[in-house]
Amino acid sequence: MTETKEKVNPPFDRDSATWFAPMEGGTGSSPGRASPLMVPIRSLGANHRARIARHLLALESHDRYLRFGFAANDAQIQRYTDSLDFERDDIFGIYNRRLDLIAMAHLAFDTDSKQRDCAEFGVSVLKAARGRGYGGRLFDRAAMHARNAGVSRMFIHALSENTTMLKIARKAGATVERDGSESEAHLLLLPATLDSRWTELVEEQLAQTDYRIKVHVKQFRDALGGVMARRSEAQNAQRNSPK
Ligand SMILES: CC(C)(COP(=O)(O)OP(=O)(O)OC[C@H]1O[C@@H](n2cnc3c(N)ncnc32)[C@H](O)[C@@H]1OP(=O)(O)O)[C@@H](O)C(=O)NCCC(=O)NCCS
C-alpha cells in the first residue's frame, strides 16, 4: 500500500523547495541522491533585499570566503546586499515552503554598458539544502537568462579549492583556467532562440505561481496557528477558572 502511494505521491521534503523523484541512480547525480523533478527558480526584485541579506548572513565564514573570495563579515554582507542593483543585474532565488531563501544566484553585468555581452555568475546555497542540485540548476537558469539577454560569455571567479563550483561550471561546458589558488571558468553561450526565450518565460511563470502558492499557504498556516493558540489559551483559562 505504502509503496503504491509513494509512487503516485513522491515524498515531499518540508524544508525543500520542490518535489523529489524516488532515488533510482538518477542522471549524473551522486549515488543515492534524490534528483529534483522541478525546481522553481524565480527572479528577485528589490522587495526581496531583506531576505537576500538573511540568506547571506546565514552562510558560515568558510562559505562566505568561497562565495566572495574573502571571509566577509556581517557589515560587508549588508553593504553588498544594500548595493545590489536590480535594474542592471539579475538575481535568482529558490524559496522553501517557509519562505526562507535557501539558494540564490547573482548574474552581474559589467558597469560599462559596452560590455553587456559579458556577465559574472555568483551563487550560494544554504548548507542544509546542498547536494540537491540547486547550485547546478541556478547556474543553468542564469546561463539561459544571460543567453536570452544577448550575453555571449558568462564567467565565474572561484577559488581553486572550490571543487563543487568548478564541477558545476565544467559540467555545463565551461573552460576552467587555474591560476594558483584562484580559478576562472568561462562559458560561451549560444545566441538566443525562440525556444530558449519561451522556456525561460514558462519557467519564470511557474516559479512565480509556486511562490504565490507558498505565500498563501504560509499565511493560512500562520492564521491557523494563531486560532489554535487562542483556542488553547481559552481552554486553559476555562480549566483554571474557579467552578
Ligand atoms: C557551490 C554551491 C553553490 C553548490 O551548491 P549545491 O546545490 O550543493 O550543488 P549541486 O547539488 O548542484 O551539486 C553540483 C555538483 O557538485 C557535486 N558536489 C556536491 N557537493 C560536493 C562536494 N562537497 N564535493 C565535490 N562535489 C560535490 C554534486 O554531486 C554535483 O555533481 P553531479 O551533478 O555530477 O551530481 C554550494 O556548495 C555553496 O553555496 N557553497 C558556498 C558558496 C560558494 O562556494 N559559491 C560559489 C562561488 S561563486
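Here, each number is a calculation from the coordinates, and none is a lab measurement. This structure is a prediction, so every number in the text was calculated from the model and none was measured. So basically every Cβ, Gly included, is an ideal-geometry build from the backbone, and we count neighbours across all protein chains shown.
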**Sites Asn240 and Gln219, calculated FRET efficiency, Cβ-Cβ separation with R0 45 Å, nearest 0.05** = 0.90
**Item:** Cα-projected label distance for Leu201 with Phe70, points at 7 Å along beta-carbon direction, nm
**Value:** 4.4
**Low-density loop positions, chymotrypsin sites (Phe, Trp or Tyr not before Pro), the stretch 42-100 - DSSP coil, at most 13 other Cβ in 10 Å** = Phe70
**Asked** HN-Hα J couplings of the stretch 81-90 from phi, Karplus 6.51/-1.76/1.60, θ = phi - 60°, integer Hz, Gly and Pro as x?
**Response** 5, 4, 8, 4, 9, 6, 7, 7, 9, 10
**Item:** Relative pair counts by distance (%), Cα atoms of the stretch 28-240, 5 Å bins
**Value:** 1, 6, 13, 17, 19, 16, 11, 6, 4, 3, 2, 2, 1, 1, 0
**Pairs beyond 29 Å (Cα-Cα), from Lys127/Lys214; Lys167/Lys214; Lys167/Lys218; Lys171/Lys214** = Lys167/Lys214; Lys167/Lys218; Lys171/Lys214
**Message:** What FRET efficiency comes out for Ala149 versus Gln208 if R0 is 25 angstrom and r is the Cβ-Cβ distance? Round to the nearest 0.05.
**Reply:** 0.85
**Fill in**
For the stretch 78-117 the mean separation of alpha carbon contacts under 8 Å (6+ apart) over residue count, i.e. relative contact order in percent, is 31
**Item:** Cα gyration tensor category, rounded, prolate or oblate, for the stretch 122-243 with a/c compared to 1.5
**Value:** oblate
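Grab the beta carbon distance between Ser181 and Ala46, set R0 = 30 Å, and tell me the FRET efficiency rounded to 0.05. Can you show the working numbers first?
Working: r = 35 Å, r/R0 = 1.16.
According to the calculation, E is roughly 0.30.
Where in the stretch 172-243 are there chymotrypsin sites (Phe, Trp or Tyr not before Pro) that are in a DSSP coil and have at most 10 other Cβ atoms within 10 angstrom of their Cβ? Write out the running numbers ahead of the final one.
Values: sites: Trp198, Tyr211, Phe220; in loops: none.
Taking the stretch 172-243 and a limit of 10 other Cβ atoms within 10 Å, no loop chymotrypsin sites (Phe, Trp or Tyr not before Pro) are found.
Mind running the shape call on the stretch 180-239? Use the C-alpha gyration tensor, a ≥ b ≥ c as the square roots of the eigenvalues: rounded below 1.5 for a/c, prolate if a/b tops b/c, oblate otherwise. List each step's numbers first, then the result.
Values: a/c = 13.64, a/b = 2.42, b/c = 5.64.
The shape class here is oblate.
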**Rounded to whole Hz, the Karplus (6.51, -1.76, 1.60) HN-Hα couplings of the stretch 173-189, x for glycine and proline** = x, 6, 9, 10, 10, 9, 10, x, 7, 10, 9, 10, 10, 10, 10, 7, 9
**Prompt:** Taking a label point 7 Å from the Cα of His62 along the Cα→Cβ vector, which residues of the stretch 127-161 have an amide N closer than 17 Å to it?
**Reply:** 127-131, 159-161
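Can you list the trypsin sites (Lys or Arg not before Pro) in the stretch 45-152 that are in a DSSP coil and have 12 or fewer other beta carbons within 10 angstrom?
Details: sites: Arg49, Arg51, Arg54, Arg64, Arg67, Arg79, Arg88, Arg97, Arg98, Lys114, Arg116, Lys127, Arg130, Arg132, Arg137, Arg141, Arg147; in loops: Arg88, Arg97, Arg98, Arg116, Arg130, Arg132.
Here the trypsin sites (Lys or Arg not before Pro) that fit, given the DSSP loop and packing criteria, are Arg88, Arg98.
Apply the a/c threshold of 1.5 to the C-alpha gyration tensor of the stretch 56-110 and tell me whether it is rounded, prolate or oblate.
Values: a/c = 1.73, a/b = 1.04, b/c = 1.65.
In terms of gyration-tensor shape, oblate.
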**Inter-probe distance in nm under a simple model that places probes 7 Å from Cα toward Cβ, at Ser232 and Asp112** = 6.2
